[in-house]
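Each remark here refers to the structure printed beneath this line.
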Amino acid sequence: MQRFAKGFMVLLAALFLATPAMAMNINANNTGDALIYPLYVALDGGWQTKLTVINTSEMYSTVAKLVVRSWKNSQELLDFLLYLSPADVWTGTLKYDPALGKVVMESTDDSCLVEIGTFASATKPLYKELAATSDASDNGFLGYVYVINAATNPTPSGPSLVAKSAIFSWYHGLAGGVNGAPLSPSVYPRNVLTGYADVAWAGTGSSLALKPVAVMNYQNKVWIDAGVETVFAGIYEDPKGKIVGETSIGLVRLEDLLAKKTVRLPYYNNATKGHTFHFFTFPTKISGITDKQGFWWDIGTDLNSPADDKARSCTTAGAKIFDTTEKFSVFSPAPVASMCTEIFWLEALPNIIPFPEGWIRYSFNPVTAIYDRQAGRVAGNPIVRERYAPVIPFVINVGPQGMFSLQTAWEGGDLNRYSFFDFKPGIDVPNAFVQGVDPAWSNWYTDSGLEVTPY
């Protein structure tokens, strides 16, 4: 299995490296209306990733959008819609095609289209190559995927089978079929999605499953189409010039819940167990297509002028290395990881980690983030807050026993359990920010019925 671990390291190195508003949270039970799959691998040599999306409702059909993004700059490589009947399961595989020299998405599942009017099947599968990236080093060999529930049919039709053509006709008849047009609240998506990613190396028969991060009450509010880029918690300007959110939650709220102050990840670093890779996925970074707000937008030194605003390219975390007997590395200075890609990884190597087994504490450095557009503010009147990186950490070990994942632990940022979106005046939340700490918080969101909701 040394060849297995070595092959994985070499391949990674080759990459060069109407309803009231509802409080959103990350569901530990793994069901929601938006799913973030933090990694797919589709490398030459038989590496592939099978994606599964499940509609857990046995009564309602739902339509979701799947988006594939690259590891370095989050360039969109592919997107398409899933037409899920009650209790439906869609599967598709991202794999490398040696003949094409490219990564392709393959699916025989009739929940997706091959072309208008033709759903995928065993005789006519979806076999679509990923788009070329503008940065040659940011290839599609690995990346991340998210699925956004676009709309749920409020008329129960299960548990009997529903024709895909009927789901298609229903969805494309909503909002005039115009991308970005507001949906009726009656068809807002429900928290019915779950799934997993099965990362496999076909040459060895080894595989591991990664569960997605399930976001509850993401609540997409606009009609979304395939072939049009859809970012997380996007915003746009309506015909009257008002900044409008595409979801009920907003970017600030999503980043609040993904924020990590410290992350504690285990590792192996020995011949028996192999070597561990620590991965960090930043799904809201979306390099190059930022909405000029949020954690990844640096407002510069002049808070009242956008002249020195710019995209923030990196976040940093100090690392403290422990073994299994409470020892820790005494070398100075302590390692600092500068994480500048949408998916960043570190490997437990002898020249970095002096112990055969243990864990590492990563302490993220806070930054000053701006959320003026999300709150409907104009540039020059920003809401500014100290924030920690919105990140999904996970662990993959590669060694003689094959591949397996390891448990992770973390401490959230100040608002990891609560967001200012979850507050309304007069509510005091223990262990959260107290009313008045942020001078703008009372203006943050004032929809009636919005209550404090735990993580």
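The values are calculated or read from the model by the stated rules, or taken from the named source; none is laboratory data. Since this is a predicted model, take the numbers as computed values, not measurements. As a convention, Cβ positions derive from the backbone with ideal geometry for all residues, glycine included, and neighbour counts pool all protein chains shown.
Put simply, of ALA18, ALA5, ALA23, ALA13 the only residue that is touching a His at 6+ places or on another chain (Cβ under 7 Å), of a type in the set (A, V, I, L, M, F, W, C) and either modelled with pLDDT under 95 or in a strand (DSSP E or B) (or both) is ALA5.
May I ask you to list the residues in the range 267-297 that are aromatic (Phe, Trp, Tyr) and not in a loop (DSSP other than H, G, I, E, B)? Result: TYR267, TYR268, PHE277, PHE279, PHE280, PHE295, TRP296, TRP297. Taking interchain pairs and intrachain pairs at least six residues apart, which have beta carbon atoms under 9 angstrom, with the first residue in the range 328-348 and over 20 Å from PRO390 (Cβ atoms) and not assigned by TED's automatic domain parsing to the domain that holds LEU142 and the second at pLDDT below 65 and not in a loop (DSSP other than H, G, I, E, B)? Final answer for the pair search is GLU347/MET9; GLU347/LEU12. Among residues of the range 176-187 that are part of a loop (DSSP other than H, G, I, E, B), those with a Cβ under 7 angstrom from a residue that is among the aliphatic types (A, V, I, L, M) and surrounded by 12 or more Cβ atoms within 10 Å (Cβ to Cβ), sequence gap 6+ or separate chain, pair up as ASN179/ILE224; GLY180/VAL222; ALA181/ALA175; ALA181/VAL222; LEU183/ALA151; LEU183/LEU174; LEU183/ALA175; LEU183/VAL222. Residues of the range 75-97 include at least one that is in a loop (DSSP other than H, G, I, E, B) and either under 23 Å from PRO38 (Cβ atoms) or assigned by TED's automatic domain parsing to the domain that holds PHE344 (or both).
Scanning the range 47-64 for residues that are assigned to a strand (DSSP E or B) and either farther than 28 Å from CYS340 by Cβ or among the hydroxyl-bearing types (Ser, Thr, Tyr) (or both) yields a count of 9.
The residues in the range 98-137 that are touching a Gly at 6+ places or on another chain (Cβ under 6 Å) and part of a strand (DSSP E or B) can be counted, and the count is 3.
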